[in-house]
Structure formats: C-alpha cells, structure tokens
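Only one structure is covered here, and it is reproduced in the block below.
The values are calculated or read from the model by the stated rules, or taken from the named source; none is laboratory data. Bear in mind the structure is a predicted one, so any value in this text is a computation, not a measurement. Ideal geometry is used to build each Cβ from the backbone, glycine not excepted, and the neighbour counts take in all protein chains shown.
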Amino acid sequence: MAKSIEIIKKPRHFILDLVKDLNTEQLNHIPKGFNNNLVWNLAHLISGQQGICYTRSGLSIVVDDKYYTPFRPDTKPERFIDSEEITLIRELFLTSIDQLETDIQNKIFINYPTWLSRYGNNITSFDDAMDFLPFHEGLHCGYIMALKRAVLNELE
C-alpha cells in the first residue's frame, strides 16, 4: 500500500506546483469548451478519494462535506471560491492523502463491496480501489494541464 500512496502523492505535488502561480480569478475561471475550472478539479480529487476509499467502504468521509458533495462526479462549479478557501483546498489536497495512509496502516478499510467505475474498472476490493485511484488522479492531472493552458490563453 505504501507504493500506492507514493503514486498518488507525486502527481498531487506536481499538480500543486503546476497551479501555484495562478491567482484566484484564474483558478475559478471556466474556459470556453470546459464545464469546470482548476479549483473544482483540485477539490474533485479530494472528493473522489473520499468517495472511492471511505464512503464505498461504508465509512464517513474525513474532510468537511463542503469539500465532498459539491465536487462529486457529475457536478460543476457552483460558486466562486475565494483565496482563503483555495488555501484550505491546497492543504487538504495533501493532508487527505496523509490521513488515508494513516487509516490504511490502522486497517480501517475492512468491508469493500464490488462496484464498476464509470470507466469500466471492476473494483472488487480496497486494494483494487487503491490501484484505481492513481488512474483517476492521472485523468484529472491531464484535465488540469489542459485547463491551465486554456485559462492562460483566455486571461492573458
């Protein structure tokens, strides 16, 4: 499991580095042809990890619901997120993975029902979920890279 956590942490650090110089307006901007923004994608990765790991295991999420429900699949940005909240999202982007690592070490993920991801992945165990999570993170890393290019093209 340590390898899975490492595989998730590295892209998260890369993503934070990728968006570190963007301002609040840029992080909230939805470019033409997109239906979400950069900060939504950051929060969505937090939300996705909570859903894939915790709620599917029948456990409560370990982040405030305002970083879970509004960023679930099939949602879109509902409001402008200010700089203070962006700072919190950036922190949660890493601390939620640290908490996941602690919870794995504490063996809290006991029950994990089978489910089929929207991408066709058959997830039959928590180990499968941990293998799937980097795939999901990678998809959104690509979206974030494309969004950043589009935002910079539109707002510069």
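Scanning segment 110-156 for residues that are out of contact with any helix residue (DSSP H, G or I) (no Cβ under 8 Å at 6 or more places or on another chain), over 24 Å from residue 10 (Cβ atoms) and hydrophobic (A, V, I, L, M, F, W, C) returns 116, 150. Looking across segment 129-156, just one residue is exposed (fewer than 11 other Cβ atoms within 10 Å of the Cβ) and at pLDDT below 95, and that is 156. Checked against (1) among the charged types (D, E, K, R); (2) in contact with a Phe, Trp or Tyr (Cβ under 9 Å, 6 or more places away or on another chain); (3) within 22 Å of residue 24 (Cβ to Cβ), residue 128 passes all but a single condition, namely (3). Within segment 82-90, is even one residue within 20 Å of residue 155 (Cβ to Cβ) and polar (S, T, N, Q)? Yes; the residues of segment 82-90 include at least one that is within 20 Å of residue 155 (Cβ to Cβ) and polar (S, T, N, Q). The single condition among (1) of a type in the set (Asp, Glu); (2) assigned to a helix (DSSP H, G or I); (3) under 20 Å from residue 132 (Cα atoms) that residue 74 does not satisfy is (2). Residue-level check: of (1) among the charged types (D, E, K, R); (2) touching a residue at least 60 places away in the same chain (Cβ under 8 Å); (3) not in a helix (DSSP H, G or I), residue 79 misses just (2). Contact map, segment 104-117: first residue on the phi > 0 side of the Ramachandran plot and in a helix (DSSP H, G or I), second residue at pLDDT 95 or above and of a type in the set (Gly, Ala, Ser), Cβ cut-off under 6 Å, separation 6 or more or different chains; the map is empty. Taking the listed residues 109, 93, 126, the one that is under 12 Å from the mean Cα position of the chain (by Cα) and surrounded by 13 or more Cβ atoms within 10 Å (Cβ to Cβ) is 93, with no other qualifying. Residue 71 meets all of the listed conditions (1) free of Cβ contacts under 8 Å to residues at least 40 places away in the same chain; (2) loosely packed, with under 15 Cβ neighbours inside 10 Å; (3) touching a Gly at 6+ places or on another chain (Cβ under 9 Å) but one, namely (2).
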